[in-house]
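Scroll down for the structure; my scribbles are underneath it.
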């Protein structure tokens with residue numbers, strides 16, 4: 001089985017050397033060692049020195065110096081909206097206080113399903129809606145910053 005031995009951020013790897021790709025949900029994009037199945041059906045061993053937080057468009061270098069493209073897979077999520085930005089900021093504070101992974105932009109927040117948190121959000125007079133899309137939450141405060149603006153969860 002071939003091994004993926006290093007990771008590079010989107011824009012920092014030679015996309016022209018991509019020979020295949022993998023679609024991974026949020027959990028699978030946060031691994032060090034894991035068995036991957038490529039779009040072409042090949043099994044690859046992810047074998048990194050340390051766990052990394054992969055994002056859509058990142059690359060995984062194989063032992064032969066070819067690359068795999070990482071695609072963020074679709075998953076079931078909860079979309080949170082409110083009537084104004086101040087209310088949404090208040091809800092975001094409550095989610096952050098519980099250390100939840102969240103993708104945040106000016107008009108909505110995406111979280112993973114959790115009936116207790118959903119009940120809390122509704123209790124804060126916010127709206128929830130079940131959606132299916134890729135999930136790329138904000139990095140924690142102690143994570144290496146990428147010098148990019150807040151996520152543009154679409």
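Among the listed residues 57, 73, identify the single one that is under 28 Å from residue 122 (Cα atoms) and either outside the structural domain of residue 127 (by TED's automatic domain parsing) or touching a residue at least 40 places away in the same chain (Cβ under 8 Å) (or both).
It is 73.
Okay, residues lined up against (1) outside any helix (DSSP H, G or I); (2) in the same structural domain as residue 109 (by TED's automatic domain parsing); (3) surrounded by 16 or more Cβ atoms within 10 Å (Cβ to Cβ):
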residue: 7; (1), (2), (3): yes, no, yes
residue: 19; (1), (2), (3): yes, no, no
residue: 22; (1), (2), (3): yes, no, yes
residue: 32; (1), (2), (3): yes, no, no
residue: 40; (1), (2), (3): yes, no, no
residue: 48; (1), (2), (3): yes, no, yes
residue: 52; (1), (2), (3): yes, no, yes
residue: 65; (1), (2), (3): yes, no, no
residue: 79; (1), (2), (3): yes, yes, yes
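Which one of these does residue 75 not meet: (1) farther than 30 Å from residue 107 by Cβ; (2) surrounded by 14 or more Cβ atoms within 10 Å (Cβ to Cβ)?
It fails just one condition, (1).
Which condition number in (1) farther than 11 Å from residue 3 by Cα; (2) in contact (Cβ under 8 Å) with a residue 40 or more places away in the chain; (3) in contact with a strand residue (DSSP E or B) (Cβ under 6 Å, 6 or more places away or on another chain) is the one that residue 40 fails?
For residue 40, the exception is condition (2).
How many residues, within the stretch 94-116, are surrounded by 11 or more Cβ atoms within 10 Å (Cβ to Cβ) and part of a helix (DSSP H, G or I)?
The total comes to 3.
Identify the single condition in (1) on the phi < 0 side of the Ramachandran plot; (2) modelled with pLDDT under 95; (3) surrounded by fewer than 16 Cβ atoms within 10 Å (Cβ to Cβ) that residue 119 does not satisfy, given that it satisfies every other one.
Status for residue 119: all satisfied but (2).
The values are calculated or read from the model by the stated rules, or taken from the named source; none is laboratory data. Owing to the predicted nature of the structure, the values given are computational and were not obtained by experimental measurement. Quick reminder, even Gly has a Cβ in these numbers, built from the backbone with ideal geometry, and neighbours come from all protein chains shown.
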